[in-house]
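Presented below is the structure to which this report refers.
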């Protein structure tokens with residue numbers, strides 16, 4: 001485990017133990033990584049989205065405060081949580097936006113087209129994708145983590161392997177299997 005990884009795990013444990021300084025120390029250590037993850041999330045959103053990457057990070061920190069009582073074992077859990085919480089924030093935002101518009105225009109978005117800049121929009125299909133990720137997590141959390149860290153957070157297979165404490169090849173295989181499961185589940 002690298003020094004940064006050990007430091008993150010230590011700070012998470014201190015934070016869960018109630019150390020009032022641990023959260024600020026953790027934030028300074030992971031802020032750039034969180035900002036990068038948030039930006040990758042936002043890059044998949046529709047053009048002109050009113051939520052910005054910095055607001056997504058801030059909202060994550062607000063939600064983290066209510067979750068720290070559950071405890072973290074390591075940085076794998078933390079980064080998995082980051083990806084899950086950020087996508088939930090965006091899904092909640094999309095659902096609120098849709099309910100405000102009461103049936104506003106929806107566009108069909110295939111799983112692979114979420115990476116296409118011309119097709120970026122949080123739609124019912126994107127929400128369905130995130131719901132399917134939750135189903136996959138109940139079946140195989142490691143595969144769900146791998147696809148989420150790859151597809152949603154944009155990490156490389158080497159980075160995913162490091163976070164999940166597996167090899168890069170295993171991370172790539174888990175991500176591919178999860179992708180195939182999602183395509184089958186969503187019929188995309």
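The values are calculated or read from the model by the stated rules, or taken from the named source; none is laboratory data. The structure displayed is predicted, hence computed values, not measured ones. Every residue, glycine as well, gets a Cβ built from its backbone with ideal geometry; the counts of neighbours run over all protein chains shown.
Could you pull out the residue among 76, 87, 120 that is modelled with pLDDT under 75, surrounded by 18 or more Cβ atoms within 10 Å (Cβ to Cβ) and within 25 Å of residue 171 (Cβ to Cβ)?
76
Go through segment 166-181 and count every residue that is under 20 Å from residue 138 (Cα atoms), surrounded by fewer than 17 Cβ atoms within 10 Å (Cβ to Cβ) and in contact (Cβ under 8 Å) with a residue 12 or more places away in the chain.
Total meeting the criteria: 1.
Kindly indicate whether any position in segment 140-149 is within 20 Å of residue 38 (Cα to Cα) and either modelled with pLDDT under 85 or not in a helix (DSSP H, G or I) (or both).
Scanning segment 140-149 turns up at least one residue that is within 20 Å of residue 38 (Cα to Cα) and either modelled with pLDDT under 85 or not in a helix (DSSP H, G or I) (or both).
When segment 20-32 is examined, which residues are found to be at pLDDT 85 or above and either touching a helix residue (DSSP H, G or I) at 6+ places or on another chain (Cβ under 8 Å) or outside any helix (DSSP H, G or I) (or both)?
Passing the criteria: 21, 22, 25, 26, 27, 29, 30, 31.
Conditions first: (1) at pLDDT below 75; (2) surrounded by 13 or more Cβ atoms within 10 Å (Cβ to Cβ); (3) not in a helix (DSSP H, G or I). Residue 68 passes all but one, so which condition is the exception?
Condition not satisfied by residue 68: (3).
For segment 47-59: of the residues being surrounded by 13 or more Cβ atoms within 10 Å (Cβ to Cβ) and within 21 Å of residue 129 (Cβ to Cβ), which is modelled with the lowest pLDDT?
49
Applying the selection to segment 11-24, what residues are without any contact (Cβ under 8 Å) to a residue 60 or more places away in the chain and crowded, with 16+ Cβ neighbours inside 10 Å?
11, 14, 15, 16, 22, 23
For the structure I just gave you, tell me whether residue 132 is over 13 Å from the mean Cα position of the chain (by Cα), within 14 Å of residue 84 (Cβ to Cβ) and assigned to a helix (DSSP H, G or I).
Answer is yes for this residue.
Would you confirm, using the coordinates I've provided, whether residue 41 is closer than 30 Å to residue 7 by Cβ and at pLDDT below 80?
yes
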